[in-house]
Amino acid sequence: MCLLLGATGVGKTLLVKRLQKLSSPDGAGDLGEPPPTRPTVGTNLTDIMAQRKITIRELGGCMGPIWSSYYGNCRSLLFMMDASNPTQLSVSCVQLLGLLSAEQLAEASVLILFNKIDLPCYMTMEEIKSLIRLPDIIACAKQNITMAEISAWKGTGLAGVLRWLQDTHRTNS
């Protein structure tokens with residue numbers, strides 16, 4: 001199981017829909033127009049075919065207080081931040097610290113996604129790392145942590161996310 005977490009409105013649902021399309025037999029080419037999404041209230045389960053079936057459980061941002069109820073069989077964690085919203089970064093940082101300190105997630109591989117890099121006002125990964133002192137956070141974490149800049153809207157970086165999922169779930173069989 002892969003958990004997909006992040007604050008409300010960071011683009012989690014669109015990411016899952018795009019990864020599903022990208023991993024489908026006809027998804028190797030153009031992703032096409034972004035599909036419509038609505039805020040997730042509750043949880044969505046989506047199967048991605050990445051050499052083997054990987055189930056992604058997306059939890060709505062509003063469910064933050066009960067995320068820990070879903071840590072049980074989590075093998076990997078996608079944590080999404082909105083790179084275009086500096087005011088939301090402190091909330092995302094607190095959420096990330098909580099996730100990385102959770103004992104049930106100590107063995108999970110973590111991919112931190114900086115989404116919305118297609119927007120003109122986005123902050124680079126280096127700017128965000130500096131602002132929230134991410135190198136210090138990572139140094140104290142038990143997990144193996146990777147980071148990527150993506151645009152779920154345009155599809156930028158999504159092939160790398162799919163590769164990360166494949167590699168993570170191949171080695172964690």
> Mean residue ellipticity at 222 nm from the helices of the chain, using -39,500 (n - 2.57) per DSSP H segment of n ≥ 4 over the full residue count, to the nearest 500 deg cm²/dmol?
Replying inline: -9000 deg cm²/dmol
> Could you give me the ³J(HN,Hα) list for the stretch 93-99, computed from phi with Karplus coefficients 6.51, -1.76, 1.60 and θ = phi - 60°, whole Hz, x at Gly and Pro?
Replying inline: 5, 4, 4, 4, 4, x, 5
> Ignoring any ligand, DNA or RNA, what whole percent of the accessible area of the chain comes from carbon and sulfur when the probe is 1.4 angstrom?
Replying inline: 54 percent
> How much length is gained if the chain between Q51 and A159 is pulled fully straight, taking 0.36 nm per residue apart and subtracting their Cα-Cα distance, in nm to one decimal?
Replying inline: 37.5 nm
> Using heavy-atom solvent-accessible surface (probe 1.4 Å) with all chains present, what is the largest-first order of R18, R38?
Replying inline: R38, R18
> From the cross-link list K17/K53; K12/K116; K53/K154; K17/K154, which pairs have alpha carbons spaced over 20 Å apart?
Replying inline: K53/K154
>> Quick check: the distance between the Cα centres of the stretch 113-166 and the stretch 1-58, to the nearest angstrom?
In response: 17 Å
>> Among DSSP bridges having both ends in the stretch 1-115, what percentage is antiparallel? Round to the nearest 5.
In response: 35 percent
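The values are calculated or read from the model by the stated rules, or taken from the named source; none is laboratory data. Treat the numbers as computed from the prediction; the structure is a model and nothing was measured. Accessible surface is based on the protein model in full, side chains and every heavy atom, while ligands, DNA and RNA are left aside. Shrake-Rupley method; radii C 1.70, N 1.55, O 1.52, S 1.80 Å.
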